[in-house]
1. Going residue by residue through the stretch 198-216, is there one that turns out to be touching a residue at least 40 places away in the same chain (Cβ under 8 Å) and either over 30 Å from LEU108 (Cβ atoms) or part of a strand (DSSP E or B) (or both)?
2. Looking at ILE224, is it surrounded by 15 or more Cβ atoms within 10 Å (Cβ to Cβ), out of contact with any strand residue (DSSP E or B) (no Cβ under 7 Å at 6 or more places or on another chain), farther than 17 Å from ASP163 by Cα and in the same structural domain as GLU179 (by TED's automatic domain parsing)?
3. Going by the conditions given, is ASP271 in a loop (DSSP other than H, G, I, E, B) and charged (D, E, K, R)?
4. Of (1) closer than 20 Å to GLU169 by Cβ; (2) at pLDDT 95 or above, ARG194 satisfies all except one. Which?
5. Tell me, yes or no, whether the stretch 126-145 has at least one residue that is surrounded by 14 or more Cβ atoms within 10 Å (Cβ to Cβ) and either under 26 Å from LYS214 (Cα atoms) or not assigned by TED's automatic domain parsing to the domain that holds GLU247 (or both).
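The values are calculated or read from the model by the stated rules, or taken from the named source; none is laboratory data. As the structure is a computational prediction, the values presented were derived from the model and not from experiment. Cβ placement follows ideal geometry from the backbone for every residue including glycine, while neighbour counts extend to all protein chains displayed.
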Amino acid sequence: MSNQDETPDNGLREELPEESPAGAVPRADEADAQGQPGLTGRERLAKGLWPPRVTRAQLIVAVLLFGLGFGLAVQVASNSDSDSALRGARQEDLVRILDELDDRTQRLEDEKQGLENQRDELENSSDQAEEARKQTIEKERQLGILAGTVAAQGPGITMTIDDTKGTVEADMLLDAIQELRAAGAEAIQVNGVRVVAGTYLTDSGKGVRVDGNKINTPFRFKVIGKPQDLEPALNIPGGVVQTLEKEQATATVERSDKIVVDALRAAKRPDYARSSSQ
């Protein structure tokens with residue numbers, strides 16, 4: 001017999017709790033046992049989402065996407081503004097606009113055909129020198145009309161603008177001139193001042209200056225061109241006439257078979273440009 005007490009082995013052993021590895025997250029029941037409150041699934045999700053962890057690459061991509069979206073929004077808004085006048089136009093106004101575009105196309109085709117005819121005449125004429133001289137004289141007359149150095153007459157319109165409120169400014173008259181030119185105007189005169197390619201308009205108190213010459217209301221435009229093209233161009237929706245009416249001014253347009261544009265401009269010799277044929 002041994003003096004040491006022997007522990008009877010009856011097949012039962014006491015199970016000791018295993019130690020958790022360092023850094024392990026205790027389970028909910030273990031957290032309760034340690035006095036720490038357990039986290040629910042919703043709380044863990046919220047803790048994972050906030051505060052957000054944004055990398056530099058994600059920030060750059062977000063900025064680029066914002067810029068792209070802003071640009072698209074501006075483009076859509078710009079297109080909506082430019083098309084709003086046409087969307088709100090009546091059917092007859094749209095038909096008139098289409099007719100005006102067709103007329104402009106036809107004028108360009110006629111000009112092209114005229115140039116081709118001149119070329120054919122020069123090529124087929126027995127006396128090419130005489131034919132060239134005739135065409136030179138005709139071209140000089142046409143250029144004189146455009147430059148304002150010779151008087152002109154022909155069919156066209158007269159537009160009178162009454163501005164009792166003094167709200168009409170130079171840019172409004174310039175818009176009218178540009179619209180008339182686009183509609184095929186060949187000669188324009190405003191209150192005794194010939195309008196040419198280099199004409200400029202400025203505001204001057206309650207009046208307007210055209211190439212330095214002060215003009216006052218009523219503003220009277222004498223325009224030579226095809227009346228069927230000139231008048232509709234001024235009356236299109238959102239055009240010259242409607243813009244002037246919004247400024248409490250009135251504009252009346254009258255067609256005529258004979259308009260005389262007799263205001264002249266002095267021929268100015270260019271300082272530097274010379275003919276390439278010299």
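1. yes
2. Numbers: surrounded by 15 or more Cβ atoms within 10 Å (Cβ to Cβ): yes; out of contact with any strand residue (DSSP E or B) (no Cβ under 7 Å at 6 or more places or on another chain): no; farther than 17 Å from ASP163 by Cα: yes; in the same structural domain as GLU179 (by TED's automatic domain parsing): yes.
It is false that ILE224 is surrounded by 15 or more Cβ atoms within 10 Å (Cβ to Cβ), out of contact with any strand residue (DSSP E or B) (no Cβ under 7 Å at 6 or more places or on another chain), farther than 17 Å from ASP163 by Cα and in the same structural domain as GLU179 (by TED's automatic domain parsing).
3. Taking the combined requirement at face value, the residue satisfies it.
4. (1)
5. Yes, some residue in the stretch 126-145 is surrounded by 14 or more Cβ atoms within 10 Å (Cβ to Cβ) and either under 26 Å from LYS214 (Cα atoms) or not assigned by TED's automatic domain parsing to the domain that holds GLU247 (or both).
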